[in-house]
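Structure first, then comments.
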Amino acid sequence: MTRSPARRDRARAAAVTVALLALTVSGCTAGTSPSAGPSPAATPAAADPPSGQISAEPVTGTGPSPYPGTDFPLNAGARSVIIEFACEGGHEFSVELGDSMAQGQAPLSGTCDGVTDLAWPVTGQASTRLSVVIPEGVDWSATPLFSAEEFFIDPDLEAECERAIVPLSALSNAESGFTVYAAFDETEWASRLDGAATELAAMGAESRTSLADSFTQLAAIASASDRVPGELLARTQEAHNRVAATCAENQTAIYTIAEFGG
């Protein structure tokens, strides 16, 4: 999927982009990364201010380069960057530019089936770090395309992603609270799901973005008559992943407000 920093419909998903089920039940804590493989080599980017879009030499590696990753020089004057991330073999990957938590940004993910465009804002620093989660032995390259254009955040997506945090957290907390921590009974579990489903259904009906169908699907699963404690997160994983991926591409990541387990 090709993306531009200025396009108005970013709907992600380099998904996790597909996001993993771990993202469904995690908060802002990063998932466990595979052990580091050979250190990737970074080639300094061009120093001249960008005019339009400027390509720099790729950063390459084999296997994972977990946080804090490798040096990733930035083009002077750039306000956004598209990274053409290339790998093969059908493996899942996740790429993080800098410290996502500190910068309020999102890692982006995808599947190794050629080249995937991953876009981020650039906030004025001279360099940052590139972290890659990918299986051992998989060759990859990350070619930056710098732009003087600001990274465009779709305001409708931003609002819907922010609103989704509460009902999606409620689904996770209902499951963990009942099946893991025994904090309440099944009646309370069902009541929590019903509340989340009502909000998600309203979001689906009111949505002005590509998230509408995912919200509607999540609402239907959460309110289904055949719902079973302990199985909800597996049933909602696909739709949740679509929401997570779309919000990440917009750099308005969702997260879980964990009620149990810290």
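The values are calculated or read from the model by the stated rules, or taken from the named source; none is laboratory data. Quick caveat: nothing in here was measured; it's all calculated off a predicted structure. FYI the Cβ positions are ideal-geometry reconstructions off the backbone, even for glycines, and counts take in every protein chain you see.
In the range 128-153, what residues are closer than 22 Å to residue 244 by Cα and in a strand (DSSP E or B)? Answer for the range 128-153, where residues must be closer than 22 Å to residue 244 by Cα and in a strand (DSSP E or B): 130, 131, 132, 133. Among the residues of the range 77-111, the one identified as in a loop (DSSP other than H, G, I, E, B), in contact with a strand residue (DSSP E or B) (Cβ under 8 Å, 6 or more places away or on another chain) and aliphatic (A, V, I, L, M) is 78. Would you confirm whether or not the range 246-260 contains a residue that is over 16 Å from the mean Cα position of the chain (by Cα), within 28 Å of residue 107 (Cα to Cα) and among the acidic types (Asp, Glu)? Yes: the range 246-260 contains one or more residues that are over 16 Å from the mean Cα position of the chain (by Cα), within 28 Å of residue 107 (Cα to Cα) and among the acidic types (Asp, Glu). The requirement of being touching a helix residue (DSSP H, G or I) at 6+ places or on another chain (Cβ under 8 Å) and either of a type outside the set (A, V, I, L, M) or part of a strand (DSSP E or B) (or both) is satisfied by residue 119. Of 206, 231, 199, all but one fail to be assigned by TED's automatic domain parsing to the domain that holds residue 173, acidic (Asp, Glu) and within 14 Å of residue 175 (Cα to Cα); the exception is 231. When residue 125 is tested against the conditions (1) buried (at least 22 other Cβ atoms within 10 Å of the Cβ); (2) in contact with a Leu (Cβ under 7 Å, 6 or more places away or on another chain); (3) not in a strand (DSSP E or B), the lone failure is (1).
Among residues that are closer than 30 Å to residue 236 by Cα and crowded, with 20+ Cβ neighbours inside 10 Å, residue 120 is included.
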